[in-house]
Amino acid sequence: MRLPLADSIVEWDLVFQVIYSALGAGVAVTIAVSFAILGAGRAADARRDGDTLDAIIFSGLFVLGLAACAAAVVFGIVVMTSKG
Amino acid sequence: MESDIILVIVVATALAFDFTNGFHDTANVVATSISTRAMAPRVAVGFAAILNFVGAFLSLEVAATVASGIVEADLVTPTVVFAGLVGAITWNLITWYYGLPSSSSHALIGGVVGAAFVAEGADAVLGEGLLGKVAVPALVAPTLAFATAALAILFAYRIIGRQAPGSVNRGFRLGQIASGGMLALAHGTNDAQKTMGVITLALIANGTLAGGSDPPFWVIVSAATAIALGTYVGGWRIIRTMGSRIIKMDTAQGFSAQGSGASVILAASHVGFPLSTTHTISGAVMGAGAAKRLSAVRWGVAGNIMIAWVLTIPAAALVGGSIYAISAAFGEDSAVGPILVSLVGATLSLWAFIRRVRRGPMLTGAEA
């Protein structure tokens, strides 16, 4: 149950929007970097073992992770430049 | 003439606040990078200083009103702003001395609230604004960052679990350079603009600028320079607390804390609910540690930090109110009070600086 007074002071919709967007963005960025690291490491292992298919798959994972990170950086800069 | 002198003092004090804001908040950007050896200490603060400077130019949207919605705007005079700035600088220096990360923005709000309270009484302070714009974000920021970093590190450990430490460390260190850069840019964008807003308001109040004017170029450059210089000087005591005294972090934790922190700050900024960088990064560091093992967090240090957060507004308000009382004792529009306070402050700062230089550097790369 919410207090009517608190409702008039705190913009709860905004608070909940912050919670899910921040939680989603923070976890997604870490997952993207982790997959990029995993992809780079496993692709190198696969190349060393001469396993071309695995090397391609894990290189793809690396590129996807890296692209997601780059997108997050660009989005962050857009947020900074367009805040108002 | 008197008002011109007060204007000059307010501008100088605002730039001094901006400088302390820079060195107080350096830790938010560089502490985890230094701790995990993603960057050497001097390289890290240099990198952060440059990006803080650039960040100050990124957005033209100036956070123009000091403590907007928290104190009655009509009652904020240059002397109130001056006293508020001194309150914020004092609290920044006290928390830096004890190595405690605390919000510079909250310190400024506290200082202005205290000065406005002494100047005009309780009616000058808007309680609803304090609750909605200060108390709620102060609860949301560390809790949300704690949860985000904790979840993030669990995913990270799960994904990179059996990888060779060498490539994992290299990868997360590179990630930290990117996330640290984002934090430094965001800090320059948000915090340098507060100072630009203070100076612009003082210029408008003095009649030097027309109402509704944008900040002149010299204001933008001087605010950007002050925050960048402060960042480069580096608040090493706070860097040590944030980087190694809350938790001993590995590279995955360092990235999870910093990456999650940057994401939380930018996501919050995107939806128009700005959160304190300090509260966010401190919460993220604790979350990244606690998710691995609850006992990995030094809860005594974390508790001291939280006490500093709770004390920030009342302590800065107390100093701000006292400084206003001293300044106004010579007359609300008199420059004598601000001049005396500035002289005492400058003398104390010079004395502390000379002592500090004689004692040598606070922290080496190995100690970080």
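None of the figures in this text is laboratory data; all of them are computed from the coordinates on show. Predicted, not measured: the structure shown is a model, and the values here were computed from it. Note that each Cβ is placed from the backbone with ideal geometry, even for glycine, and that neighbours are counted across all protein chains shown.
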Worksheet item: Once the Cα atoms of helix B:2-35 and of chain B are each reduced to a long axis, what angle between those two axes, in degrees from 0 to 90 to the nearest 10, is obtained?
Response: 10 degrees
Response to the item:
Averaged over the residues of A:70-77, the number of partner chain Cβ atoms within 10 Å of each residue's own Cβ comes to 5
Practice prompt. Find how much the distance from A:ALA71 to A:ASP54 grows on full extension, using 0.36 nm per residue of separation minus their present alpha carbon separation; answer in nm with one decimal.
Written response: 3.6 nm
Worksheet item: What 222 nm value per residue comes from the helices of chain A, counting each DSSP H run with n ≥ 4 as -39,500 (n - 2.57) and dividing by all residues, nearest 500 deg cm²/dmol?
Response: -30500 deg cm²/dmol
Response to the item:
Here the Kirkwood hydrodynamic radius of the protein assembly as shown, Cα-based and in Å, equals 22.4 Å
Worksheet item: Pick from B:SER244, B:SER260, B:SER167: which residue has the top mean-square fluctuation in a GNM of chain B where Cα pairs under 10 Å get a spring?
Response: B:SER167
Worksheet, complete the sentence: Comparing B:ARG245, B:ARG358, B:ARG237 in a Gaussian network model of chain B (Cα, 10 Å), the one with the largest mean-square fluctuation is B:ARG358
Practice prompt. Take the Cα atoms of region B:224-368, build their convex hull, and give its volume per residue in Å³.
Written response: 170 Å³
Fill in: Cα principal axis extents for region B:113-245, largest first, Å
65, 35, 28
Worksheet entry | On Cα atoms only, tilt of A:52-81 relative to the major axis of chain A in degrees | 30 degrees
Worksheet entry | Among B:GLY114, B:GLY22, B:GLY175: highest mean-square fluctuation, GNM of chain B, C-alpha pairs under 10 Å | B:GLY175
Worksheet, complete the sentence: Amide H proximity to B:VAL71 below 5 Å, modelled H, separation 5+ or other chain, gives B:LEU126
Response to the item:
Everything considered on the Cα gyration tensor (a ≥ b ≥ c; rounded for a/c under 1.5, else prolate if a/b is larger than b/c, else oblate), region B:251-302 must be described as prolate
Item to complete: Divide by every residue of chain B the summed helix terms, -39500 (n - 2.57) for each DSSP H run of at least 4, and state the resulting mean residue ellipticity at 222 nm, rounded to the nearest 500 deg cm²/dmol.
Response: -25500 deg cm²/dmol
Worksheet item: What's log10 of I(q)/I(0) for chain B at q = 0.06, 0.11, 0.14 Å⁻¹, Debye sum over Cα points only, no solvent?
Response: -0.21, -0.70, -1.11
Worksheet item: How far is helix B:104-120 tilted, in degrees, relative to the longest principal axis of the Cα atoms in chain B, given as a value from 0 to 90 rounded to the nearest 10?
Response: 20 degrees
Fill in: For region B:53-184, convex hull of alpha carbons as volume per residue, Å³
156 Å³
Practice prompt. Can you bin region B:75-116 into rounded, prolate or oblate? Criterion: square roots of the alpha carbon gyration tensor eigenvalues sorted a ≥ b ≥ c, rounded for a/c under 1.5, prolate for a/b above b/c, oblate for the rest.
Written response: prolate
